[in-house]
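See below for the structure under consideration.
The values are calculated or read from the model by the stated rules, or taken from the named source; none is laboratory data. As the structure is a computational prediction, the values presented were derived from the model and not from experiment. Here the Cβ positions follow ideal geometry from the backbone for every residue, glycine too, while neighbour counts run over all protein chains shown.
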Amino acid sequence: MVVSLKNIYFNYDSEKGNVDVLENVNLDIEEGEFICVLGPSGCGKSTLLKMLAGFIKPCSGQALMDDETIEGPDYHKGVVFQNPVLYPWLNVEDNIAFGLKMRKFPKNQIEELTKKHLELVGLSGFDKYKPYELSGGMKQRVSLAKTLVNKPRLILMDEPFGALDALTRTNMQKLIRHIWSKTKNTVLLITHDVDEALELATRIIVLSDRPGTIVKEFNTSYTYDIIKNKNENIRYSEEYRNTREEILKIINSQNNFFN
Ligand SMILES: Nc1ncnc2c1ncn2[C@@H]1O[C@H](COP(=O)(O)OP(=O)(O)OP(=O)(O)O)[C@@H](O)[C@H]1O
Ligand SMILES: [Mg+2]
């Protein structure tokens with residue numbers, strides 16, 4: 001088991017008030033799973049991700065990685081945010097290499113790994129570009145390479161394609177699927193896009209409205225179908241449409257925003 005969440009409760013307690021965010025969350029993630037998390041806005045998805053990343057700790061319950069309590073952030077838990085986090089004064093190559101330099105990897109190994117990951121995200125030839133010279137999609141690919149180069153045990157992504165246009169988003173999804181199928185990484189990705197979840201996940205977790213708890217899980221294999229058949233027409237199958245419908249129904253019934 002890579003991750004094990006046991007009976008998690010979390011609230012934000014400040015002078016502004018006390019907000020229950022997560023309640024009774026139980027989740028085990030096995031090696032190589034691609035988990036997508038869906039749920040109404042504000043239900044605690046990002047909070048859950050921050051907990052797995054080690055930025056925050058549960059108020060009660062246990063958050064474990066490889067059977068040990070998650071104590072804080074480190075390179076074993078790679079995070080990719082909606083807005084790419086890059087150092088503006090460093091070029092693409094140095095941004096990707098940054099973590100390895102901090103960890104004092106030998107120079108030749110840094111060069112080799114950086115080159116390999118530039119290729120993996122399709123950015124060979126852009127090594128000397130600065131972030132401001134890149135498009136949004138390219139910046140997100142650098143951000144991904146910067147995370148992957150550290151070979152994290154767990155990759156956490158919080159709506160990583162949310163700020164991208166539809167076409168770039170589809171390309172990024174393809175890239176993520178391709179990388180995952182090659183590296184067999186363990187991934188947890190938050191999205192508000194049901195199709196994105198259905199087309200990438202091996203398991204979909206649906207959270208309730210705040211305080212977020214897991215209301216339903218779906219084991220899906222569409223991502224394997226896409227890898228095998230190299231086409232995305234699965235979304236026209238009846239089974240796919242039914243699952244999609246079911247998930248949307250759960251999310252909409254949770255969201256009392258307009259009620
Ligand atoms: N640092 C904080 N201090 C106090 N409350 C917070 C803090 N961060 C988040 N919250 C509250 O916790 C709740 C859950 O927030 P979270 O960001 O986890 O939701 P989310 O499911 O990721 O939403 P979205 O889909 O809109 O990104 C919200 O009500 C939010 O106001
Ligand atoms: Mg969020």
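Side notes on the structure shown:
- Complete set of residues in segment 136-159 that are within 16 Å of ligand 1 (Cβ to nearest atom) and either among the small types (G, A, S) or in contact with a Ser or Thr (Cβ under 8 Å, 6 or more places away or on another chain) (or both): D158, E159
- Per-region count, segment 162-213, residues touching a Ser or Thr at 6+ places or on another chain (Cβ under 7 Å) and in a helix (DSSP H, G or I): 5
- Filtering segment 76-104 to residues that are in contact with a Pro (Cβ under 6 Å, 6 or more places away or on another chain) and either exposed (fewer than 14 other Cβ atoms within 10 Å of the Cβ) or part of a loop (DSSP other than H, G, I, E, B) (or both) leaves H76, L86, P88.
- Qualifying residue in segment 41-57 (condition: more than 18 Å from I155 (Cα to Cα), touching a Leu at 6+ places or on another chain (Cβ under 9 Å), surrounded by fewer than 16 Cβ atoms within 10 Å (Cβ to Cβ) and assigned by TED's automatic domain parsing to the domain that holds S181): no
- Where a residue in segment 165-191 is among the aliphatic types (A, V, I, L, M) and its partner, wherever it lies, is at pLDDT 90 or above and part of a strand (DSSP E or B), with Cβ under 6 Å and at least six apart: V187/F34; V187/I155; L188/I35; L188/L156; L189/C36; L189/M157; I190/V37; I190/D158
- Top-ranked residue of segment 59-72 - restricted to ones that are surrounded by fewer than 21 Cβ atoms within 10 Å (Cβ to Cβ) and either under 14 Å from the mean Cα position of the chain (by Cα) or assigned to a loop (DSSP other than H, G, I, E, B) (or both), ranked as nearest to ligand 2 (Cβ to nearest atom): C59
- Output for segment 26-48, where each listed residue is within 12 Å of ligand 1 (Cβ to nearest atom) and assigned to a strand (DSSP E or B): V37, L38
- Single residue of segment 217-252 satisfying the filter (outside any helix (DSSP H, G or I) and modelled with pLDDT of 90 or more) that is farthest from Q173 (Cα to Cα): E217
- Residues that are in contact with a helix residue (DSSP H, G or I) (Cβ under 8 Å, 6 or more places away or on another chain) and surrounded by fewer than 17 Cβ atoms within 10 Å (Cβ to Cβ), drawn from segment 183-192: T183
- Look at segment 195-224: where a residue is under 11 Å from E23 (Cα atoms) and not assigned by TED's automatic domain parsing to the domain that holds G42, no partner that is in a strand (DSSP E or B) and at pLDDT 95 or above sits 6+ places away or on another chain with Cβ atoms under 9 Å.
- Residue match in segment 81-92 (condition: more than 21 Å from the chain's Cα centre (by Cα) and free of Cβ contacts under 8 Å to residues at least 40 places away in the same chain): yes
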